[in-house]
Amino acid sequence: MLYGSAIIAGAAALAGCSHGASAPDSGASSSSDARGSETKALRKPGRYRQAPNLPADLPPVEERLPDNPYVVPHRWIRQGKYGGRLNMNVLSTSGAAAASSDREFFYGHSLLRFLNDGLDIGPGIAESWESNDDASEWIFHLRKGLKWSDGHDFTSADIMFWWDEFILAGKMGQSVPDEARSGRGTIAKVSASDDHTLKISFDAPAPLTADRIVSWVNGGIGQNGPIWVLPSHYLKQFHPKYGKNVPKDWDTVGGLMERKADWHRNPDCPTLIGYRCKSFDADKGVVLERNPYYYAVTPDGDQLPYIDEIQFTVIADAEAGKLQVQQGSVDFCLGYFNQIALTDVDGLRKSSTKAGTQIRLWDSGSGTGSMFFLNYDYIDDDLRQLFRNPAFRQAISYAFDRQVIRKSLYFNTGELTTGTMSPKGAEFHADTAGETSYRTWRDSYVDHDPAKASALLDEIGCKRSEDGMRRLPNGKPLKLRLDYSADESAEHKAKDNQLVSDLKAVGIAMELNPVPPQAYDDQWKSGKLMAHSNWEVGGAPRLLAQPQFIVPIEYTRWAPLEGQWYQQLGTKTNATELDVDPWQRHPPRMPPEKGGPIARLWELYDASKTQPDSMKRDQAVWEMIKIHVSDGPFFMGCVANYPQVVVVKKGLQNVPTKANLAQGGFVNPWIHPTPAVYDPECWFWDQPDDHGD
């Protein structure tokens, strides 16, 4: 009875949230229902305006901006007011230095920027770009007159410093990013013919280069994506090739270079984003202040940002963070970052009047909701053989009652799914074939059918014993273990418990196993963990740009050892240790079964990487999906594209509503950095004086 009441209360709370269907009142965060963003770069304004409290000894704003500044193209924004402070919290169990979600607010270090929820690509540091006919050579034209936050010129040398001294030299743990490899996997040649021209040359067509470069946020020390740009004029003093008395461990984790290059914790490190570090406290958080040289303006000519300072307060406990939101001490909160889910909406809504907040819902873009997958390369021979049998995975999918999860966690929002890449992926919207491909994948094994699950288990020899629980085909007890990171959210834990219950109903024993977060990766990549939970699948706006869930090409997803085999192809390492047990190799790795699903996925993926024709690339994705349907599911979800919670303090303007966003939002993938894609630098307070220190 209490459970049903909670569902009813949650559904009622969601119904009361703002979806942006009508123009908000003066207390809401946007004054326009205009949708999407302009796809062509806007003409620069005829004159500029700056924050009135900037130091008088700064050069005029016209001299601080590049020749052609980035004109924010979002149709929903309006001219704002300067001043005030924005208070936010950031969830991190390892202190402020390790926090990463707060970096997702700033897109200024990126060559290109996503627009319209990933449907389009616009300029960033590069004001234009082009490729040759076969996409084997790409040229990026950097903005002339662009400056770092300390007033020094930004040039191509700041990219080449990163490339030559860190990527090619293998320093500070840096490796070649995907966008700098050709379709054959070889490293590109990156060069600069002058201060404002960057050329990337490949030995084969690389048609996905722009789609990959636009992904993530760049800069800093690479926590949220490849670095790409570093302030060489400042950092050279900490590099032994250029500086004096540099310690031998200068490039180690936590070493001198990492500390100095991290704009997030070093007030002396120049930035290209709208803010720079004012102060940092490892236990308390970070305060950011306006970058007077930021290269973005509004169509009216206002140099951004509008808000003077941002305070990110670090919290180690999600419940404490929720309490801060309910008390009104947080001005903006993207629930995805702080473990605030739909189940929290009722409480947030009840406190919203006192807290002065408004609850928004943006589309997650998730292809799965809370998901799980078995380790296709698990170290135990008997279980690995079982996990590789499609019928076993299909049985688990049929046993899983997704509707219970949809009702209890997602309040009947989103759509039931077997588990796919993001439904917002461009390949699913190319034409009717793409739409059909998505629906077929989504619905392939989504039904809750315990009878069918039991029949499949019987067919593959997993018979019930006298106690009703099933055994392996060899007669040993069938016992599964669902491994998960010990810091997983309540949402994932609820799904895990439902899965355990549903599998028990068809005779499969499963236990839950929390793993220390710091140990998870090493155990997973070595095949020691049996299953993976506490994630969900998003994906890049173009699925081939970040295809790790659809095709195993690295270790973190459902076939870790085969993914590491792929990573080592063409290297000296791959020809070594062939007589060593795959799980004992360095790194642990194994080739795919000949003619098996992974070998076929690799073949399609490798061909698509060098295919200049976008329609043929889309068709390759659809062929990969056919393998996921016939030989899958390789990963399993429950609810796709449910809404994510956004809490906005009343009076904070230019924060988009769902109605403003081209696809209603695309929150979950960090590849599509939300809210950075919506340019928080243009947010402002309608009464800035009420939001000071």
Subject >> Test: residue in the stretch 354-363 that is among the charged types (D, E, K, R), assigned to a strand (DSSP E or B) and in contact with a Pro (Cβ under 8 Å, 6 or more places away or on another chain) >> reply: yes
Subject >> Complete set of residues in the stretch 36-84 that are touching a His at 6+ places or on another chain (Cβ under 9 Å) and farther than 30 Å from residue 663 by Cα >> reply: 83, 84
**OP:** Scan the stretch 503-517 and give yes if some residue there is part of a helix (DSSP H, G or I), within 23 Å of the chain's Cα centre (by Cα) and modelled with pLDDT of 90 or more, otherwise no.
**Re:** no
Subject >> Matching residues, the stretch 438-466, being within 13 Å of residue 503 (Cβ to Cβ) and touching a Leu at 6+ places or on another chain (Cβ under 8 Å) >> reply: 462
**OP:** Would you point out the residue of the stretch 225-266, among those that are within 21 Å of residue 289 (Cβ to Cβ) and among the aromatic types (Phe, Trp, Tyr), that is surrounded by the fewest Cβ atoms within 10 Å (Cβ to Cβ)?
**Re:** 234
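Which one of 206, 210, 192 is in a loop (DSSP other than H, G, I, E, B) and small (Gly, Ala, Ser)? Even if it seems obvious, please write down each step before you answer.
Details: 210 fails: in a loop (DSSP other than H, G, I, E, B); 192 fails: in a loop (DSSP other than H, G, I, E, B).
Answer to the selection: 206.
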**OP:** Residue by residue through the stretch 180-192, note down the ones that are among the polar types (S, T, N, Q) and within 24 Å of the chain's Cα centre (by Cα).
**Re:** 182
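Let me confirm something: among 382, 377, which residue is crowded, with 22+ Cβ neighbours inside 10 Å, among the acidic types (Asp, Glu) and either over 23 Å from residue 639 (Cα atoms) or not assigned by TED's automatic domain parsing to the domain that holds residue 66 (or both)?
Values: 382 fails: crowded, with 22+ Cβ neighbours inside 10 Å.
Sole residue among the options that is crowded, with 22+ Cβ neighbours inside 10 Å, among the acidic types (Asp, Glu) and either over 23 Å from residue 639 (Cα atoms) or not assigned by TED's automatic domain parsing to the domain that holds residue 66 (or both): 377.
Rundown of residues vs (1) at pLDDT 95 or above; (2) touching a Gly at 6+ places or on another chain (Cβ under 8 Å), yes/no style:
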site	(1), (2)
54	yes, no
67	yes, yes
81	yes, no
87	yes, no
95	no, no
98	no, no
106	yes, yes
113	yes, yes
117	yes, yes
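Just one of 406, 360 is closer than 22 Å to residue 632 by Cβ, of a type in the set (Lys, Arg) and either buried (at least 18 other Cβ atoms within 10 Å of the Cβ) or at pLDDT 95 or above (or both); which is it? Talk me through it step by step, then tell me what you get.
Values: 360 fails: closer than 22 Å to residue 632 by Cβ.
Within the list 406, 360, the selection yields 406.
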Original post:
In the stretch 365-382, is there at least one residue being in contact with a Leu (Cβ under 7 Å, 6 or more places away or on another chain), among the aliphatic types (A, V, I, L, M) and over 18 Å from residue 448 (Cα atoms)?
Top reply: no
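Kindly indicate whether residue 56 is on the phi < 0 side of the Ramachandran plot, assigned by TED's automatic domain parsing to the domain that holds residue 283, in a helix (DSSP H, G or I) and of a type in the set (A, V, I, L, M).
Values: on the phi < 0 side of the Ramachandran plot: yes; assigned by TED's automatic domain parsing to the domain that holds residue 283: yes; in a helix (DSSP H, G or I): no; of a type in the set (A, V, I, L, M): yes.
So residue 56 fails the test.
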Original post:
If residue 522 passes every condition in (1) part of a helix (DSSP H, G or I); (2) buried (at least 17 other Cβ atoms within 10 Å of the Cβ) but one, which one does it miss?
Top reply: (2)
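Against the condition over 30 Å from residue 519 (Cβ atoms), touching a residue at least 24 places away in the same chain (Cβ under 8 Å) and of a type outside the set (Val, Ile, Thr), how does residue 481 come out, does it pass? Walk me through how you get there before you give the answer.
On the way: over 30 Å from residue 519 (Cβ atoms): no; touching a residue at least 24 places away in the same chain (Cβ under 8 Å): yes; of a type outside the set (Val, Ile, Thr): yes.
Criteria not met by residue 481.
The rows are residues; the columns are (1) over 26 Å from the mean Cα position of the chain (by Cα); (2) under 22 Å from residue 540 (Cα atoms).
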residue: 149; (1), (2): yes, no
residue: 158; (1), (2): no, no
residue: 163; (1), (2): no, no
residue: 166; (1), (2): no, no
residue: 175; (1), (2): no, yes
residue: 178; (1), (2): no, yes
residue: 199; (1), (2): yes, no
residue: 209; (1), (2): no, yes
residue: 214; (1), (2): no, yes
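Could you list all residues from the stretch 525-537 that are in a loop (DSSP other than H, G, I, E, B) and more than 24 Å from residue 442 (Cα to Cα)? Can you show your working first?
At the first step, the residues of the stretch 525-537 found to be in a loop (DSSP other than H, G, I, E, B) are 526-530, 536-537.
Within the stretch 525-537, 526, 527, 528, 529, 530 qualify.
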Subject >> Residues of the stretch 59-96 that turn out to be surrounded by fewer than 20 Cβ atoms within 10 Å (Cβ to Cβ) and without any contact (Cβ under 8 Å) to a residue 60 or more places away in the chain, as a count >> reply: 4
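Is the stretch 527-536 home to any residue that is of a type in the set (D, E, K, R), under 30 Å from residue 468 (Cα atoms) and either touching a strand residue (DSSP E or B) at 6+ places or on another chain (Cβ under 8 Å) or not assigned by TED's automatic domain parsing to the domain that holds residue 417 (or both)? Step through it out loud before you land on a result.
Within the stretch 527-536, the subset of a type in the set (D, E, K, R) is 528, 536.
Then keep just the ones that are under 30 Å from residue 468 (Cα atoms); that gives 528.
Next cut, either touching a strand residue (DSSP E or B) at 6+ places or on another chain (Cβ under 8 Å) or not assigned by TED's automatic domain parsing to the domain that holds residue 417 (or both) only: none.
Looking for residues that are of a type in the set (D, E, K, R), under 30 Å from residue 468 (Cα atoms) and either touching a strand residue (DSSP E or B) at 6+ places or on another chain (Cβ under 8 Å) or not assigned by TED's automatic domain parsing to the domain that holds residue 417 (or both), one finds none in the stretch 527-536, hence no.
Just give me the residues in the stretch 287-337 being of a type in the set (A, V, I, L, M) and touching a Phe, Trp or Tyr at 6+ places or on another chain (Cβ under 7 Å), in sequence order.
Correct list: 288, 296, 297, 304, 307, 310.
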**OP:** Identify all residues within the stretch 468-492 that are touching a Ser or Thr at 6+ places or on another chain (Cβ under 9 Å) and closer than 21 Å to residue 371 by Cα; write none if there are none.
**Re:** 482, 483, 484, 485, 487, 488, 489, 490, 491, 492
Subject >> Check on residue 435, more than 27 Å from residue 334 (Cα to Cα), crowded, with 19+ Cβ neighbours inside 10 Å and either free of Cβ contacts under 8 Å to residues at least 24 places away in the same chain or within 23 Å of the chain's Cα centre (by Cα) (or both) >> reply: no
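Is it the case that residue 483 is loosely packed, with under 14 Cβ neighbours inside 10 Å and under 29 Å from residue 630 (Cβ atoms)?
On the way: loosely packed, with under 14 Cβ neighbours inside 10 Å: no; under 29 Å from residue 630 (Cβ atoms): yes.
So residue 483 fails the test.
Within the stretch 535-575, which residues are hydroxyl-bearing (Ser, Thr, Tyr) and touching a helix residue (DSSP H, G or I) at 6+ places or on another chain (Cβ under 8 Å)?
Let us first name the residues in the stretch 535-575 that are hydroxyl-bearing (Ser, Thr, Tyr), namely 555-556, 566, 571, 573.
Within the stretch 535-575, 555, 556, 566 qualify.
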**OP:** Please state which of the following conditions residue 452 fails to meet, knowing it meets all the rest: (1) in contact with a helix residue (DSSP H, G or I) (Cβ under 6 Å, 6 or more places away or on another chain); (2) crowded, with 24+ Cβ neighbours inside 10 Å.
**Re:** (2)
Original post:
Exactly one of (1) farther than 30 Å from residue 608 by Cα; (2) in a strand (DSSP E or B); (3) within 21 Å of the chain's Cα centre (by Cα) is unmet by residue 487. Its number?
Top reply: (2)
**OP:** Determine if the stretch 14-31 includes at least one residue that is modelled with pLDDT of 95 or more and among the polar types (S, T, N, Q).
**Re:** no
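The values are calculated or read from the model by the stated rules, or taken from the named source; none is laboratory data. Bear in mind the structure is a predicted one, so any value in this text is a computation, not a measurement. Virtual Cβ from ideal backbone geometry, glycine too; neighbours counted across all protein chains shown.
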